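The values are calculated or read from the model by the stated rules, or taken from the named source; none is laboratory data. Here the structure is a predicted model, which is why all the values come from computation and not from measurement. Note: ideal-geometry Cβ built from the backbone for every residue, glycine included; neighbour counts use all protein chains shown.
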Amino acid sequence: MTGLPSLLAATLLFFTSVSATSSVISRYTRDIGASVAASGQVYALTPFVAALLRIPVGIAADRGNAKRFLVAGGLAAAAAGIAAAFAYTVPMVALVRVLQGLALAFFVAPSIAAAAALGGKAFARAISMRAVMVTVALIVGPLAAGFIVDWLGYWAVFVFTAITGFAAAVTATSIPLRQARIGRLHRGLGLRDALTLGVLLAIALAVVDGMVFFSVQSLPQMQLRDLGYRASVFGLFQSLTAASGLVARGLSSHVYARLGPRKMLALGFALE
């Protein structure tokens, strides 16, 4: 697993940067005078851009360009932090969210491909370790961002996210990935083979689930702000959500074994 520690460190830094910015950006948009509707529309730009680009970026990563995309993702996250530090209008905040969408599109799928390649025969373990780093970042990022905003202000937290994004890009440059290595690992069935009726249904369910997920991320952030709560309160809320997700992931295999896929999906939607 040579190079895996560098990938895990880059993953931790990257998602800390993105989650920290995302956890305060709706609050910031409201503070510069935007309405709730406008703030929600701006927040939606990141998942929209990421969704548009994720499949083509994933295909490119399968062909051996994962390292370049990892570096580009970190740089895009850093650029989002810098842009946020100087964003005083809604269009400028929209640019921040577009940059974050680019960052996620560049980093997510290639980091999974890189984890699989670096893990070798233990690729499943490597991918699981990457998932743990993502969850840790989703706990640390919002919590840190909330307290930084309360103590030092928005500018300080955006500088923090720019630094962590840039650090992720620098760390990614040290990952020993080779084009041929990833290319051999991913030779097999293509996208057309994967688009069965069951997969399309799962995608449709994921779209519905994503709508709920991003609503939970955006609306309470503005609601708590409008009720007079400090940024650290929402940061704690986000961190607890991520921590409960980590526990749920640990229990998911046992729940799956007892209930099966359909009942487990139904339980998940019922809990939401």
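Just the residues that are among the basic types (Lys, Arg) and surrounded by fewer than 24 Cβ atoms within 10 Å (Cβ to Cβ), please, taken from region 78-121. First the steps, then the outcome.
We begin by selecting, within region 78-121, every residue among the basic types (Lys, Arg); these are 97, 121.
Passing the criteria: only 121.
For a quick check of your reading: which helices (runs of 4 or more DSSP H) sit entirely within region 148-249 and have at least 3 residues that are at pLDDT below 80 and over 23 Å from residue 132 (Cβ atoms)? Can you show your working first?
Working: elements: 154-172, 179-185, 191-194, 197-226.
Where helices (runs of 4 or more DSSP H) fall fully within region 148-249 and carry at least 3 residues being at pLDDT below 80 and over 23 Å from residue 132 (Cβ atoms), they are 179-185, 191-194, 197-226.
Can you confirm whether region 122-134 contains a residue that is exposed (fewer than 15 other Cβ atoms within 10 Å of the Cβ) and closer than 22 Å to residue 228 by Cα?
Within region 122-134, none of the residues are exposed (fewer than 15 other Cβ atoms within 10 Å of the Cβ) and closer than 22 Å to residue 228 by Cα.
Under the condition of being loosely packed, with under 12 Cβ neighbours inside 10 Å and among the aliphatic types (A, V, I, L, M), which residue from region 229-265 is farthest from the chain's Cα centre (by Cα)? Outline the logic, then answer.
Within region 229-265, the first condition is being loosely packed, with under 12 Cβ neighbours inside 10 Å, and the residues that meet it are 244, 247, 250-251, 253-254, 257-258, 260-262.
Going one step further and asking which of them are among the aliphatic types (A, V, I, L, M), we end up with 247, 251, 257.
Working: 247: 18, 251: 22, 257: 28 Å.
Within region 229-265, the match that is farthest from the chain's Cα centre (by Cα) is 257.
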